[in-house]
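> One structure coming up, written as structure tokens, with questions to follow.
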Amino acid sequence: MNQVSFPSFRALFALPLLAGLFGLMASTASAQIGGSVRQVIVARAPSWNSNTASLQCFQRASAREPWQPVFAKPWPVLLGKKGLAWGRGVFTPPQNGVPMKVEKDWKAPAGVFHLGTLFGYATKPPAGSRWPYHQVGPWDAYVDDSQNPLYNQHVRIDPRQVPPWFEKQKMRLGDAAYKWMLEIRHNQKPAWPGYGSAIFFHVRRGPDKPSAGCTTMAEVNLERLIRWVDPAAYPHYVLLPAADYDYLRGPWRLP
């Protein structure tokens, strides 16, 4: 797909399109991090066309306390090969001309997202993890076929009745990049067919090899992240270009 440059929020703000601007302000004002959220994972990309970002984690004791960075410094992550597009999460995408993510566009979903299940090949998650864990076995699948009624869902099939689509959708591939997979809940409940599926935090394939749409990182950093997230703190994931993050920080109550 061809790369398309879209205007940043700052550029939009400078445009004399008052009606569009008021619509943007109204849509962003209703989207925010709730008071019950005490952990936020933040990835800031240089631009919408970037396939790299800088990730830091933040925590707070309560909604009345300021956000504090968790790690001494951010670490690098890789995104979709063709950059970012708006995802479907727990926010309202601003009308800034950036398209929504679709299946196989090689873009990472931007926005605010809940986290789902932690998957992995090992019998147990990394030591110290508190996150719900599911060991991937030979009959686990995660469906990325938008024509399948199980689209964008994890399923464990009955080995006595193996459906014809299973071979292309199975999760256990012996791939080191999928040693750990923490689900980013993009386009779920409901899952809109064709709007992107199977989005995870997982191990990168190399320091300069972007993903098909996931957020990937060095294994040691992913395990730090897995040990840190706490279900009781309602962690969210925020992925945005840096300029858009700065614009939305106040309205969305971001760190």
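None of the figures in this text is laboratory data; all of them are computed from the coordinates on show. This one's a predicted model, so the numbers in the text were calculated from it and none came from an experiment. Reconstructed Cβ throughout: ideal geometry from the backbone, glycine too, with neighbour counts over all protein chains shown.
> Give me the net charge for the shell around residue 80: Cβ to Cβ below 11 angstrom, other residues only, Lys and Arg +1, Asp and Glu -1. Numbers along the way, then the final one.
On the way: positive: 81, 82, 101, 104, 107; negative: 105.
Local charge sum for residue 80: +4.
> Compute the angle between helix 18-29 and the longest alpha-carbon principal axis of the chain, please, reported from 0 to 90 degrees and rounded to the nearest 10.
Around 50 degrees separate the two axes.
> Further, regarding this structure: Going by alpha carbons, how many degrees (0 to 90, nearest 10) lie between the helix axis of 219-228 and the longest principal axis of the chain?
Once rounded, the angle reads 80 degrees.
> Another question, then. Which Cα, out of 143, 133, 173, lies furthest along the positive dipole direction of segment 128-185 (beta carbon charges, K/R +1, D/E -1)?
The residue sitting farthest along the positive end of the dipole is 133.
> Given charges of +1 on the Cβ of Lys and Arg and -1 on the Cβ of Asp and Glu, with all other atoms neutral, how large is the dipole of the chain about its Cα centre, in debye to the nearest 20? It would help to have the intermediate numbers written out before the result.
Numbers: 29 positive and 16 negative charges, 72 e Å.
It comes to approximately 340 debye.
> Place a +1 charge on the Cβ of each Lys and Arg in segment 120-163 and a -1 charge on the Cβ of each Asp and Glu, then give the dipole magnitude about the Cα centre in debye, rounded to the nearest 20. Spell out each step's value before the answer.
Details: 4 positive and 4 negative charges, 58 e Å.
For segment 120-163, the charge dipole is close to 280 debye.
> Please give the net charge around residue 204, taking every other residue with its beta carbon less than 15 angstrom from that of residue 204, where Lys and Arg add +1 and Asp and Glu add -1.
Working: positive: 81, 179, 205, 209, 224; negative: 175, 208, 219, 223.
Computed value for this residue: +1.
> Farthest toward the dipole's positive end in the chain, which of 157, 235, 251, given Cβ charges of +1 (Lys, Arg) and -1 (Asp, Glu) about the Cα centre?
Checking the options against the dipole of the chain, the answer is 235.
> Then there is this: For residue 66, what is the net charge nearby, where nearby means another residue's Cβ is under 15 Å from its Cβ and Lys, Arg count +1, Asp, Glu -1?
So the surrounding residues net to +4.
> Can you tell me the order of 50-57, 39-46 when each peptide is scored by its average per-residue count of other Cβ atoms within 10 angstrom, highest first? Present the calculation step by step, with values, prior to reporting the outcome.
Values: 50-57: 19.0, 39-46: 21.6.
Highest mean packing first, the order is 39-46, 50-57.
> Also, I was wondering about something else. Taking the Cα centre of segment 151-255 as origin, sum charge times position over the Cβ atoms of Lys and Arg (+1) and Asp and Glu (-1), and report the length of that vector in debye to the nearest 20. Let's see the in-between values first.
On the way: 15 positive and 10 negative charges, 49 e Å.
For segment 151-255, the charge dipole is close to 240 debye.
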